[in-house]
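Engineer: This is the structure I have questions about; it appears just below.
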Amino acid sequence: MKKMVAFDFDKTLYDHKALEIPASARRALRELRERGQLVVLATGRDMSTHYSRPFLDLVNADARVEQNGAKVVADGKVLFEHFIDRTLLRRMLDYAEETGIGFGVTIEDEDYYINPERIREAEMKRWGQCGRQFKDAWALLDKKIRTVNFIGTEEEARAMERAFPTLQLRMFSVNYGADIIEKGISKAEGLKKLCAYYGLEMRDVYAFGDSFNDSEMLEEAGVGIAMGNAKEELKAIADYVTSPIDEDGIWNACKHFQLV
């Protein structure tokens, strides 16, 4: 029976240390497609940005859940989009300006952030470079925005959640920065929409992830698989823990479940 195999991107499919999708993961993707399984990319990224577009052909997914469920695409068609209410967005911008957190989003090739020094500092520490050309974040109020990013500590993230009860901040695996997600929007909900489109059930889904924004889809999928490099909290809720990304984690799990 056809299965849906959904992959988070960063640190699940894409190895940030080697700056590539490992050869064994590419092999797994190829064999899944050859066997007629549905390959889904379930990511916090907006895949239309210049940071992400180069990977679309490499993954060659049948469908995508982008921006943690705020956009769902199948067979080249947009099935679902959710945009942040402008009043809420203005309140978040005001909050970011008052508290000094890094806040904003990249739209296609342009970076709109309040307190860009927080983003620059984080990226210099993590990557040794920051090539962003920052734009005025207040221009976001004139655009349709699906999701925004937070750059700061976990303590600052929890403070923002208290200030905005309708939001949840899922920390990145490096514990500095988070996806800001409106409650009711998630990768799991995106996968449910894809299941309805393809005539499948969530029990037919194998979901791979490494971080907090993957938790709902690992819990609700038929089989939730945490990478060996995943957060310990995610491993605790997973049905299976595979080896790390740089130790053929994707291939080993697909082999274990006889998907390849």
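Engineer: Compute the relative contact order of the chain as a whole-number percentage, counting only Cα pairs closer than 8 Å that sit 6 or more residues apart in sequence. Kindly include the intermediate steps, with their values, before the conclusion.
Structural biologist: Numbers: 506 pairs, mean separation 50.1, N = 260.
The normalised contact order for the chain reaches 19 percent.
Engineer: To the nearest 20 debye, what charge dipole does segment 166-216 have about its Cα centre, counting +1 at the Cβ of each Lys and Arg and -1 at the Cβ of each Asp and Glu? Intermediate results must be reported in sequence, preceding the final value.
Structural biologist: Working: 6 positive and 8 negative charges, 20 e Å.
That gives segment 166-216 a dipole magnitude of about 100 debye.
Engineer: Taking only the alpha carbons of the chain, what extent do you get along each of the three principal axes, in Å, biggest first?
Structural biologist: 52, 37, 33
Engineer: Figure the gain on full extension for residue 97 and residue 35 (residue separation times 0.36 nm, minus the Cα-Cα span) and round it to one decimal in nm.
Structural biologist: Stretched out fully, the residue 97 to residue 35 stretch lengthens by 17.2 nm.
Engineer: Pull out the extension gain between residue 125 and residue 58, defined as 0.36 nm times the separation in residues minus the alpha carbon to alpha carbon distance; nm, one decimal.
Structural biologist: 21.3 nm
Engineer: Normalised by the number of residues in segment 163-260, what is the relative contact order in percent for Cα pairs under 8 Å and 6+ residues apart?
Structural biologist: Computed value for segment 163-260: 18 percent relative contact order.
Engineer: Once you have the Cα-Cα distance between residue 81 and residue 243, take 0.36 nm times their residue separation minus that, and quote the gain in nm to one decimal.
Structural biologist: Extending this stretch completely gives an extra 54.9 nm.
Engineer: Can you compute the charge dipole magnitude of the chain about its Cα centre, using +1 on each Lys and Arg Cβ and -1 on each Asp and Glu Cβ, nothing else charged? Give it in debye, rounded to the nearest 20.
Structural biologist: Working: 37 positive and 45 negative charges, 116 e Å.
Computed about the Cα centre, the dipole is about 560 debye.
Engineer: Still on this model: Please report the projected area of segment 108-173's Cα convex hull averaged over all directions, in nm².
Structural biologist: One quarter of the hull surface, i.e. the mean projection, equals 5.4 nm².
Engineer: Among 32, 83, 5, whose Cα sits farthest toward the positive end of the charge dipole of segment 1-107 (+1 at Cβ of Lys/Arg, -1 at Cβ of Asp/Glu, about the Cα centre)?
Structural biologist: Of 32, 83, 5, it is 32.
Engineer: Hey, another quick one. Nearest 10 degrees, 0 to 90: what angle lies between the long axis of helix 23-34 and the longest principal axis of the chain (Cα atoms)?
Structural biologist: Helix 23-34 sits at roughly 60 degrees to that axis.
Engineer: Percent of alpha carbon pairs in segment 173-260 separated by more than 21 Å?
Structural biologist: It works out to 32 percent of all Cα pairs.
Engineer: Around residue 228, which amide H atoms from residues at least 5 apart in sequence, or from another chain, sit under 5 Å from its own amide H, with H modelled in the peptide plane?
Structural biologist: So residue 228 has HN proximity to 242, 243, 245.
Engineer: Taking only DSSP H segments of four or more residues, each worth -39500 (n - 2.57), what value at 222 nm results for the chain once the sum is divided by all its residues, to the nearest 500 deg cm²/dmol?
Structural biologist: Helix contribution divided over all residues of the chain: -9500 deg cm²/dmol.
Engineer: OK, next. What number results when the radius of gyration of segment 1-94, computed over Cα atoms, is divided by 2.2 N^0.38 Å?
Structural biologist: Compared with the compact-globule rule of thumb, segment 1-94 sits at 1.23.
Engineer: Further, regarding this structure: Output wanted: per-residue J couplings in Hz (rounded whole) for segment 158-170, from phi through Karplus 6.51 cos²θ - 1.76 cosθ + 1.60, θ = phi - 60°, x for Gly and Pro.
Structural biologist: Computed from phi, the couplings for segment 158-170 are 5, 5, 5, 4, 5, 6, 10, x, 8, 10, 10, 10, 9 Hz.
Engineer: In whole Hz, with x marking every Gly and Pro, tabulate ³J(HN,Hα) for segment 104-120 from phi via Karplus 6.51 cos²θ - 1.76 cosθ + 1.60, θ = phi - 60°.
Structural biologist: Ordered by residue, 3J(HN,Hα) equals x, 7, 9, 10, 6, 10, 10, 10, 10, 9, 8, 6, x, 5, 5, 5, 4 Hz.
Engineer: Moving on. Given 17/192; 2/193; 125/183; 135/235, which pairs have Cα atoms separated by over 27 Å?
Structural biologist: Exceeds cut-off: 17/192; 125/183; 135/235.
Engineer: Please list, ordered by chain and number, the residues whose modelled amide H lies under 5 Å from the amide H of residue 103; skip anything fewer than 5 residues away on the same chain.
Structural biologist: Hits under the 5 Å cutoff: 114, 151.
Engineer: Follow-up. May I ask for the distance between the Cα centers of segment 104-161 and segment 1-71, given as a whole number of Å?
Structural biologist: Each part's Cα centre sits 23 Å from the other's.
Engineer: In addition: Helix 86-99 versus the longest principal axis of the chain: what angle, 0 to 90°, nearest 10, using Cα atoms?
Structural biologist: With rounding to tens, the tilt is 70 degrees.
Engineer: Sticking with this one: Given a 1.4 Å probe and every protein chain left where it sits, what share in percent of the accessible area of segment 1-51 is carbon and sulfur?
Structural biologist: Carbon and sulfur together cover 48 percent of it.
The values are calculated or read from the model by the stated rules, or taken from the named source; none is laboratory data. Only a predicted model underlies this, so the values are computations on that prediction, with no experimental measurement involved. In this analysis, Cβ positions are derived from the backbone assuming ideal geometry, glycine residues included, and neighbour counts consider all displayed protein chains. Heads up: the accessible areas ignore ligands, DNA and RNA and are worked out on the full protein's heavy atoms, side chains in. Shrake-Rupley method; radii C 1.70, N 1.55, O 1.52, S 1.80 Å.
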